[in-house]
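Written out below as structure tokens is the structure these notes cover.
The values are calculated or read from the model by the stated rules, or taken from the named source; none is laboratory data. None of these values were measured; they are calculated from a predicted model. Here Cβ is always computed from backbone atoms with ideal geometry, including for glycine, and neighbour counts include all displayed protein chains. Calculation scope for accessible area: heavy atoms of the full protein, side chains included, ligands and nucleic acids excluded. Shrake-Rupley method; radii C 1.70, N 1.55, O 1.52, S 1.80 Å.
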Amino acid sequence: MKNIIFIGPPGAGKGTQAQIAVERTGLVHVSTGDLFRAALKQGTELGLKAKGYMDAGELVPDTLVIDMLLERLDKPDITTGVIFDGFPRTLEQAHTLDTTLAARSSQIDSVVLFKVDDDVLLKRISGRISSKVTGMVYNKYFDPPRDAEGNDISDSDEFVQRADDSEETVRNRLKVYHTQTEPLIDYYNERGVLHTINGEQAMEQVTSDLLQVLDELMA
Ligand code: ADP
Ligand code: ADP
């Protein structure tokens, strides 16, 4: 069992790289943001409770996030380990994750920090779109979806923007990241499991740096 955390500000490329990391490692991708969006789409009580916080760019309260995560970890597909994407985001979440994994004779083996400056993030998030059909994430400026002839089809109505990707909400999410999530970097660094990747590089270069870390971990 191997467990990896992807940590980084909104728009740093965690989800994009997680898709590739899953193929390489066979670990299961667990994104708390995706779980909340799925709950909201299904209209569950949890989804409705989370919505107000997400729309405002605030963190959903720890108890809600933790209950949802524990439920996810009890699913039968969690056999080889997990890539945690967007969780933990507070020290309390990190402590709970440690005790939860310890109770399963497991632990966090590696934490990958995707480092990207705020100005780059604002541009990335303003261009983030995803397909209503496949859920795949693209970027209007950096990685547009294309048709069979290679034409940019970003403007087709197949692609939508997340409600919380407006500039105002993003600014708040960045503030929240700096105050509530950044302390986790020291927490994991002190344990010697932190790997920092320059997330401002082109996607392929970020992937190549990431694969080095993953291959070493899975060896
Ligand atoms: P991004 O990929 O842009 O960082 P996410 O999809 O991870 O965003 O999260 C979207 C929103 O869901 C967050 O702004 C927050 O409101 C909520 N959320 C997701 N994960 C957590 C978490 N671990 N703790 C608290 N809130 C969370
Ligand atoms: P996160 O999950 O950390 O919030 P995403 O993986 O959703 O971030 O990426 C945010 C946006 O930036 C997406 O539109 C994605 O296509 C784009 N993106 C991801 N990595 C890069 C990169 N290295 N260079 C340019 N754009 C990127």
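Annotations for the structure displayed:
- The listed residue being of a type outside the set (A, V, I, L, M), open to solvent by less than 40 Å² (accessible area, probe 1.4 Å) and either over 24 Å from VAL22 (Cα atoms) or not in a helix (DSSP H, G or I) (or both), out of ARG173, ARG191: ARG173
- Of the residues making up region 132-154, those that are open to solvent by less than 60 Å² (accessible area, probe 1.4 Å), among the small types (Gly, Ala, Ser) and over 18 Å from GLN17 (Cβ atoms) are GLY150, SER154.
- Applying a threshold of 6 Å to beta carbon distances and a minimum spacing of six or more residues, or different chains, the list of pairs starting in region 1-14 at a residue that is more than 19 Å from VAL82 (Cα to Cα) and in a loop (DSSP other than H, G, I, E, B) and ending at one that is among the polar types (S, T, N, Q) and modelled with pLDDT of 95 or more is empty.
- THR25, sole failed condition from (1) closer than 18 Å to PRO88 by Cα; (2) crowded, with 18+ Cβ neighbours inside 10 Å: (1)
- Test: SER208 is in a loop (DSSP other than H, G, I, E, B), small (Gly, Ala, Ser) and either surrounded by 15 or more Cβ atoms within 10 Å (Cβ to Cβ) or modelled with pLDDT of 95 or more (or both): no
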